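Remarks on the structure that follows.
What follows draws every value from the coordinates through simple rules; no lab data is involved. The structure displayed is predicted, hence computed values, not measured ones. Cβ: placed from backbone, ideal geometry, glycine included. Neighbour counts: every protein chain shown.
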Amino acid sequence: MTTARYGRIVLKLSGEALSGSQGYGIEPKVIQSIATQVKEVADLGVEVAVVVGGGNIWRGKVGSEMGMDRANADYMGMLATVMNSLALQDSLETIGIPTRVQTSIEMRQVAEPYIRRKAIRHLEKKRVVIFAAGTGNPYFSTDTTAALRAAEIEAEVILMAKNNVDGVYTDDPKLNKDAKKYDKLSFMDMLNEGLGVMDSTASSLCMDNDIPLVVFSIMEEGNIKKVVQGENIGTTIRGK
């Protein structure tokens, strides 16, 4: 069995990644594919934590633009991440991967409350832990959640899985055919060039805590495993 480069990871999934070609909600084939890829990584002995966005169901920013109170709109987005997390948990457990969902907003009937030491214990017992409901606070993205939880559980890397791009480019490759892909990048360069990979709060957390980020496409089967095994795919971002 090929060894893994990382022992503990945080996998960041956008909500849109779960919607597949339909663009909204959850496409069964897509979430089953993601669960299978997570199982491949877990079978290597890697401890896996997951942060899922909610953009396939609701985006707080859109609600705010509609005139909603920003905090309420963001709380709705957090609830959307819980729905996605429960769906992913079900898909993982269907294929034999023990999984726990921990939420930053307490809803004990459906998930555990987020407790750092308990999350680490689950990981040590080789359970996949899904962190839902963001940070529990409005005005913070799930990118920031991924960076914060990675720092708290001492993850070695954040894997940012994308459904519409296979790395970080100088410009939008869909609009600019001359856009060039970065193989490696620093967080400072990413911020200075306004590349929009993740928000500045999340980037600063990663930079300050020396947590590397790998941006790659999840649409190709087996890519999560390839990244974990150290294959040079996507874009790696680290340091200053």
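Quick check: from the Cα gyration tensor, does the chain come out rounded (a/c under 1.5), prolate or oblate? In terms of gyration-tensor shape, rounded. Each stretch of four or more DSSP H residues adds -39500 (n - 2.57); spread over every residue of the chain, this sum gives -11500 deg cm²/dmol at 222 nm.
Of the beta bridges in the chain, as assigned by DSSP with both residues counted there, near 15 percent are antiparallel.
What dipole magnitude, in Debye to the nearest 20, does the chain give about its Cα centre under +1 on Lys/Arg Cβ and -1 on Asp/Glu Cβ?
520
Stretching the chain fully between Ile95 and Arg5 yields a gain of 30.0 nm (0.36 nm per residue, less the alpha carbon separation).
Rounded, prolate or oblate: which fits the range 149-229, taking a ≥ b ≥ c as square roots of the Cα gyration tensor eigenvalues, rounded meaning a/c under 1.5, else prolate when a/b beats b/c? It is oblate, given that a/c is not under 1.5 and a/b is not larger than b/c.
When both the range 170-226 and the range 41-79 are represented by their alpha-carbon centers, they are found 19 Å apart. With R₀ fixed at 45 Å, the C-beta to C-beta distance from Asp208 to Ser21 puts the FRET efficiency at about 0.75.
What does the highest-first list of 50-56, 103-109 look like by mean Cβ count within 10 Å?
On the way: 50-56: 26.1, 103-109: 14.4.
Highest-to-lowest ranking by the protection proxy: 50-56, 103-109.
Using the Cβ-Cβ distance between Asn176 and Met219 with R0 set to 22 Å, the FRET efficiency from 1/(1 + (r/R0)^6) comes to roughly 0.60. Residues whose amide H lies under 5 Å from that of Met160, counting only those 5 or more places away or on a different chain, are Lys12, Val214, Val215, Phe216; hydrogens are built 1.01 Å from N in the peptide plane. Fully extending the segment from Asp199 to Thr36, taken as 0.36 nm per residue of separation minus the present Cα-Cα distance, adds 55.8 nm. Tell me the relative contact order for the chain as a rounded percent, counting alpha carbon contacts under 8 Å between residues six or more apart. So the answer I get is 23 percent. Extension gain, Asp189 to Ala71, is 39.4 nm, computed as 0.36 nm per intervening residue step minus the present C-alpha separation.
Could you list Arg5, Arg100, Arg117 so that the one with the fewest beta carbons within 10 Å of its beta carbon is first and the one with the most is last? Spell out each step's value before the answer.
On the way: Arg5 15, Arg100 19, Arg117 9.
So the residues, fewest neighbours to most, are Arg117, Arg5, Arg100.
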